[in-house]
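All remarks here apply to the structure that follows.
A short reminder: the numbers here are calculations on the coordinates, not readings from a lab. Owing to the predicted nature of the structure, the values given are computational and were not obtained by experimental measurement. Here the Cβ positions follow ideal geometry from the backbone for every residue, glycine too, while neighbour counts run over all protein chains shown.
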Ligand SMILES: Nc1ncnc2c1ncn2[C@@H]1O[C@H](COP(=O)(O)OP(=O)(O)OP(=O)(O)O)[C@@H](O)[C@H]1O
Ligand SMILES: [Mg+2]
């Protein structure tokens, strides 16, 4: 019924109708409701190119990315490179190119290195959301599918701005599991608490990778039950509840509470052996500061001070 | 440019009409009146009959709206998406007309360079956020719908959440068909909120026939009368509507 974005085979060269820039397709990165994303080679190096099923949805994503680029000093999403159309026969497909984020899917990192990383990513995410909210935007469709983990050091990045909405407007793109309206816990007005609800649901999703449905009972009741039933979630019950009830008006506050719990929780219990192994490879991680690097090496020698390393990572995020 | 009110009929049904006039003819009429007709075909499982699916598509096409056939599980998200997309589509049409006035008959939004396209879309987005919406919800309550009405009720509550999150006002009314004595029975009078829906479908006696055409016609008549009344009231203050908005 609906038009589909073209399948571009690796090796294909395409040229934009308006700007005449040529791109060579390297591979398909993924496909979603609004379009297909390809990794392409261009004059400026590798880029991600998103080509839409429908032209308006691509244009509104471009609008968001363009406004992001006007916010100075802070990076709110992948940077937009160029917008153009691809002519195929007498059909015209809108596309844009953006910075290519070289990263692993959210869950593949968590599955490999442990859920503990989940809390770290949540803290990073809250810092990013705070900056986004300061700029009067709400992310909207926040979920693991829209997050990538870049490495050295591991850092969460979002990319799909299809749901990003100006503060005060209504959110049009969301995913039910992460949407407070679905759970009967609020409306779809773009405000910080909307995103913070989704953050809580991302945490719950980490604990329950297969997610679950609402069923007949009250939303809050089901979610509370699930939180209490999971050992990894339980320590965060207060933060989660506050976020689910929309009582955090500010990402910074939720971040602070998260970090307090992370530093309080018994580190030995929280850290799986796979994470410890990863920590030992810490030398390979890029260090931002020489001095910190030395401290880091010393900590590795005394590998039992795991809590300190958590604080190190948290420190990196601030 | 000012757009005061968008008017839509949302039809939710699970099969083919089998009584009265052709529903897509009525939908064309509605479209002429400036009312958009959206249609959701709903299924418990399996698939809809080919003719049922075709009819759903045809009605929406004639009514200038959007159609979608879905399982009860996806109903909530689909209903809100279809409604929002149809609003955007109508507003896009209004803006396109305006553009043709400036750029010439042949011009379309997509002929604009990508940068200007963004600006136009922003205008459409702004309008979609602030416009007033009048929505006539028409639900098939024939026997086969019995198992699906719980989902319909939830989907409507969800739709109300989405629309109320906008800045613009909303007015909803809900009717079921076939009615006991008339084509349709009103279940909820015009109201800005859809949260008092519990048990709203309880009163119905699901019947066997599906007179979609006559039901649509009754809905159309009610909406037209409403508009005429409103125009009379606002004559002096300069009543506006989407069809007139391009002037
Ligand atoms: N800038 C980028 N760098 C690297 N990979 C990307 C980038 N943008 C998108 N991708 C990849 O392409 C896939 C599809 O992208 P995206 O989520 O934007 O599509 P979509 O149509 O908006 O999907 P949906 O709306 O269904 O979530 C993503 O899963 C991601 O793996
Ligand atoms: Mg996505």
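What to note about this one:
- C-alpha long axis of helix B:23-32 to longest principal axis of chain B, angle in °: 30 degrees
- Here the extension length gained between residue B:207 and residue B:71 equals 46.8 nm, from 0.36 nm per residue of separation less the Cα-Cα distance.
- Cβ-derived FRET efficiency at R0 25 Å, residue B:25 paired with residue B:144, nearest 0.05: 0.55
- Compared with the alpha-carbon gap, the fully stretched path from residue A:166 to residue A:69 is longer by 33.4 nm at 0.36 nm per residue.
- Peptide A:189-196, shielding by other chains (average Cβ, 10 Å cutoff): 1
- For peptide B:109-118, the mean count of partner chain Cβ atoms within 10 Å of a residue's Cβ comes to 6.
- Rounded, prolate or oblate (a/c below 1.5 giving rounded, otherwise prolate when a/b exceeds b/c) for the stretch A:147-191 by Cα gyration tensor: prolate
- Protection proxy ranking of A:213-225, A:40-52, B:45-57 - average other beta-carbon atoms within 10 Å, highest first: A:40-52, B:45-57, A:213-225
- Angle in degrees between helix B:50-62 and the longest Cα principal axis of chain B, rounded to the nearest 10: 30 degrees
- Alpha carbon convex hull of the stretch B:23-173, volume per residue in cubic angstrom: 139 Å³
- Cβ-Cβ FRET estimate between residue B:132 and residue A:2, R0 fixed at 35 Å, reported to 0.05: 0.75
- Counting, for every residue in B:43-52, the Cβ atoms of other protein chains within 10 Å of its Cβ and taking the mean gives 0.
- Measuring r between the beta carbons of residue B:47 and residue A:28 and using R0 = 35 Å, the FRET efficiency lands at 0.75.
- Rounded, prolate or oblate (a/c below 1.5 giving rounded, otherwise prolate when a/b exceeds b/c) for the stretch A:13-99 by Cα gyration tensor: prolate
- The stretch A:127-250 shape via C-alpha gyration tensor axes, a/c threshold 1.5: oblate
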